[in-house]
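Encoded as structure tokens, the structure appears first; notes follow it.
The values are calculated or read from the model by the stated rules, or taken from the named source; none is laboratory data. Everything quoted here is computed from the prediction, not taken from an experiment. Every residue, glycine among them, receives a Cβ derived from its backbone with ideal geometry; neighbour counts consider all protein chains shown.
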Amino acid sequence: MEPIHLFSPVFRIDETLDEIRDCLEKGWTGLGFKTLEFEEAWKRHTGFPNAHFLNSGTAGLHLALRLLKEDGGWADGDEIITTPLTFVATNHVILYEKFMPVFADVDESLCLDPRSVAERISPRTRAVCFVGLGGNIGRYREVLEVCRSRGIAFILDAAHMAGTWIGRAHVGTDADVAVFSFHAVKNLPTADAGMVCFRRLDLDREVRKWAWLGIDRDTYGRTLGDAGPYRWRYSVDHVGFKYHGNSVMAAIALVGLRHLERDNTIRRELAEWYDSEFKGDSRITLVHQPDHFLSSRHLYQVLVDDRDEVMVRMNRLGIFPGVHYADNTSFPMFQYGAGSCPRAQSAAARIISLPMHLRLTRTDVRRVAQALLDSLA
Ligand SMILES: *Cc1c(COP(=O)(O)O)cnc(C)c1O
């Protein structure tokens, strides 16, 4: 039987090639053109007032901290509360800016627990970075309220959350900054790209400079826009990074965005199928999903005992699940946090991400579910 893999991104090939052809015919593959078109399409679709397209989600998270640090006069050694259950990018960027990652524990949604967050707040806490694991909102609103009431910034790592809606609002529109990833295997895949969405317009203006080496006007505006006679001239206000996105990635993302809601609907249906296969089986713990929100369902996760052995057995049956994530405090570089988040630690030993992608059929889901059930001790 065909192996079933964790992820298998689907691209609308002809539609995508048409968008890329547009870039090639115009002779414009860099910053500007499609990146601007995608930013506009993204803002229209999600309701974010600001959005800047970048070359990765990691770059977006870094810039989020960089700009909030500049704006708020935060100091080296100040603290950012974060989760141990995430891709290391979330926590690396805290160190890029010489802040201290302070780990808070998760709740049954595997997202940050507002009580644990409140406990970890100190006079040096400047921000909380909330990760919507797999598209789950967890206690998003309560964590946001803790931040608001304590005067702390709320950063959303929305790498898994493109097309996650709370009522009629896209998740993150009430955050100080939300960062998305359009990495090759995310639910809106390109090859590598990301988006940073600041709530404040002045920070959006600033981030365009920070993502392009501090340069105050992009080449597209100077070349094709209404740049006047001195179109070659630009100024550099401060140091910056080479983090902006390009038009080829934006072309791929534009097509992905057109299909995003339909794709996420399919993902939610796959999740319901999985749920129905496991209902009533006490050996499998489903991850709690709050009511009344539409998840992107980037991941479908369950918790089982003897996870490592279960995965080996599933591999033998041709099923290749994943783990999101190892407890970051188990890594040598974050060892100082070991033992501080028991819930995340025990979840990290038991979680398993089952195959979740648009090529899966009802039959595939049954086969994966059966393989998991057969692999349990
Ligand atoms: C993928 C991911 C990132 C980083 O995104 P890139 O686009 O790969 O840089 C950050 N946080 C989480 C939770 C992720 O899954």
Flagged in the range 105-125 as surrounded by 22 or more Cβ atoms within 10 Å (Cβ to Cβ) and either touching an Asp or Glu at 6+ places or on another chain (Cβ under 8 Å) or not in a helix (DSSP H, G or I) (or both), in numbering order, are V106, L110, C111, L112, D113, P114
Would you point out the residue of the range 234-258, among those that are within 18 Å of the chain's Cα centre (by Cα) and in a helix (DSSP H, G or I), that is surrounded by the fewest Cβ atoms within 10 Å (Cβ to Cβ)? L257
Residue pairs within 6 Å by beta carbon, gap of at least six or interchain, first lying in the range 177-188 and at pLDDT 95 or above, second in a strand (DSSP E or B) and more than 7 Å from the ligand (Cβ to nearest atom), listed first then second, are V177/I155; V177/F198; A178/L156; A178/C197; V179/V196; F180/M195
Spot the failing condition for V102; the list is (1) under 19 Å from the mean Cα position of the chain (by Cα); (2) of a type in the set (V, I, T); (3) buried (at least 20 other Cβ atoms within 10 Å of the Cβ), and only one is missed. (1)
Given the conditions (1) of a type in the set (A, V, I, L, M, F, W, C); (2) more than 25 Å from the chain's Cα centre (by Cα); (3) within 17 Å of L110 (Cα to Cα), report the number of the one that L286 does not fulfil. (2)
If I go through the range 136-145 residue by residue, how many of them are crowded, with 21+ Cβ neighbours inside 10 Å, part of a helix (DSSP H, G or I) and out of contact with any Gly (no Cβ under 8 Å at 6 or more places or on another chain)? 1
Within the range 151-165, restricting attention to residues that are among the aliphatic types (A, V, I, L, M) and touching an Asp or Glu at 6+ places or on another chain (Cβ under 8 Å), which residue is farthest from the ligand (Cβ to nearest atom)? A153
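Could you tell me which of the residues C111, C129, C147 is free of Cβ contacts under 8 Å to residues at least 60 places away in the same chain, within 13 Å of the ligand (Cβ to nearest atom) and not charged (D, E, K, R)?
Details: C129 fails: free of Cβ contacts under 8 Å to residues at least 60 places away in the same chain; C147 fails: within 13 Å of the ligand (Cβ to nearest atom).
The conditions single out C111.
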Yes or no: A211 touching a Ser or Thr at 6+ places or on another chain (Cβ under 8 Å), within 19 Å of L36 (Cβ to Cβ) and surrounded by 15 or more Cβ atoms within 10 Å (Cβ to Cβ)? no
E37: more than 19 Å from the chain's Cα centre (by Cα) and more than 22 Å from G194 (Cβ to Cβ), yes or no? no
If only one of E119, E206 is free of Cβ contacts under 8 Å to residues at least 40 places away in the same chain, more than 16 Å from the ligand (Cβ to nearest atom) and not small (G, A, S), which one is it? E119
Return yes or no: is L85 buried (at least 21 other Cβ atoms within 10 Å of the Cβ), touching a strand residue (DSSP E or B) at 6+ places or on another chain (Cβ under 7 Å) and farther than 25 Å from I252 by Cα? yes
Determine which single condition F198 fails, assuming it passes every other condition in (1) more than 26 Å from T329 (Cα to Cα); (2) within 11 Å of the chain's Cα centre (by Cα); (3) not aliphatic (A, V, I, L, M). (2)
Could you tell me how many of the residues in the range 11-64 are part of a helix (DSSP H, G or I), away from the ligand (no atom under 16 Å from the Cβ) and closer than 27 Å to R222 by Cβ? 16
Here's a check for you: in the range 172-194, which residue that is part of a loop (DSSP other than H, G, I, E, B), among the β-branched types (V, I, T) and near the ligand (Cβ under 10 Å from one of its atoms) is surrounded by the most Cβ atoms within 10 Å (Cβ to Cβ)? T190
Single match in K98, K43 (criterion: under 23 Å from R199 (Cβ atoms) and basic (K, R)): K43
Of the residues in the range 146-164, those that are closer than 21 Å to M195 by Cβ and in a loop (DSSP other than H, G, I, E, B) come to A158, A159, H160, M161, A162, G163, T164
First in the range 79-99 and without any contact (Cβ under 8 Å) to a residue 40 or more places away in the chain and away from the ligand (no atom under 14 Å from the Cβ), second anywhere and assigned to a loop (DSSP other than H, G, I, E, B) and not aromatic (F, W, Y), Cβ under 6 Å, 6 or more apart: K98/D76; F99/D78
